[in-house]
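Shown next, in structure tokens, is the structure this report addresses.
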Amino acid sequence: MSAAETSGRAPPVAMTVRELAGHCASGAVAGCAVEAAFYPLDTIKTRLQARRHGERVALFRGLYRGVGGNLLGVAPASAVFFAAYEPMKRALGAGGDAGGGEGGGVRAHLTAGATAGLASSLIRVPTEVIKTRRQVGTSAASSLRGILAAHGVMGLFAGYWSFLLRDLPFDAIEFAGYESLKQAWGSFADKEDVNGAEAAALGAIAGAFTGAVTTPLDVVKTRLMTSPDSYTGVVQCVRKTIAEEGAMALLKGVEPRVMWIGLGGGCFFSVLETARGIFVPKREREGP
């Protein structure tokens, strides 16, 4: 007898190609919507984090610098994320989109989020490297050709481990938080799904909290990506930053980051749920 039968739950149903494609399309649309809408806030946050002690930075100049190339990377990265997240969530027994089902719970969503983040990192990291360098104004060395010429293929993965150190916990916490809030709201309101406005509110709460607690990891990631020759790794970057600028330097950009990710989380999950209503047939979203 299977574990699902023993626990009284039906075993997970395999996801159809049509359903998976719908989730991938929804994720791509949501990811691009957030990047296009909140790119200026991300630019300001990145410039604050990359600025060293005593440096002057033009925070508000060219706020959309590099957005076009970034969107070209965000769309496939978001699609790959959901290509891993949705099947993993279902396999772990976290249920369908409407309320999360019985079982699986927070641990399943944490695992699914981290796994999806790892899968999409092969696209997200090169996209992030180019984006952050464009945002801080290093245009001569920020193009794909410039990075390859200076550092080879591995230059596109500068700060890869710091990216994973930040984004795997971030993805896990944000998605687990959102899914938990959605389940709680569903129980409170006695409904199986959320509308766009409800998704926006829940996503904003999950995003703001996650953005705040992962800011130190984001600072380290930004510095390793924008100044790869100045640091030898994550630990050395943390030590050097604290030694030269104090511990509070690890919270640089926390205000725009919390604002950006809070608003972005609301936008992302609102667009995601709306797009799912278009791309994923209702009977497949709800499951058997």
Taking the range 149-158 as the search range and keeping residues that are part of a helix (DSSP H, G or I) and farther than 11 Å from VAL129 by Cβ, which one is modelled with the highest pLDDT? VAL153
Only one of (1) under 22 Å from GLY27 (Cα atoms); (2) in contact (Cβ under 8 Å) with a residue 12 or more places away in the chain does not apply to LYS282, and that is (2)
Looking at the range 221-251 only, could you name the residues that are at pLDDT 90 or above and within 22 Å of the chain's Cα centre (by Cα)? LEU250, LEU251
Is it the case, given these coordinates, that ALA212 is surrounded by fewer than 16 Cβ atoms within 10 Å (Cβ to Cβ), farther than 26 Å from ILE147 by Cβ, in contact with a Lys or Arg (Cβ under 9 Å, 6 or more places away or on another chain) and aliphatic (A, V, I, L, M)? yes
I'm trying to understand the selection: among the residues of the range 102-141, which are assigned to a loop (DSSP other than H, G, I, E, B) and either at pLDDT 95 or above or within 26 Å of LEU48 (Cβ to Cβ) (or both)? VAL136, GLY137, THR138
Within the range 178-218, can you find the residues that are at pLDDT below 90 and under 17 Å from LEU164 (Cβ atoms)? LEU217, ASP218
For GLY99, the lone unmet condition from (1) at pLDDT 90 or above; (2) closer than 21 Å to GLU192 by Cα is (1)
Condition set closer than 15 Å to ASP218 by Cβ and without any contact (Cβ under 8 Å) to a residue 60 or more places away in the chain, scope the range 169-187, selection surrounded by the most Cβ atoms within 10 Å (Cβ to Cβ): answer is PHE170
From the list GLY233, GLY262, GLY203, GLY253, which one is touching a Cys at 6+ places or on another chain (Cβ under 8 Å) and either surrounded by fewer than 21 Cβ atoms within 10 Å (Cβ to Cβ) or in contact (Cβ under 8 Å) with a residue 12 or more places away in the chain (or both)? GLY203
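The values are calculated or read from the model by the stated rules, or taken from the named source; none is laboratory data. As the structure is a computational prediction, the values presented were derived from the model and not from experiment. Neighbour counts run over all protein chains shown; Cβ positions are idealised from the backbone, glycine included.
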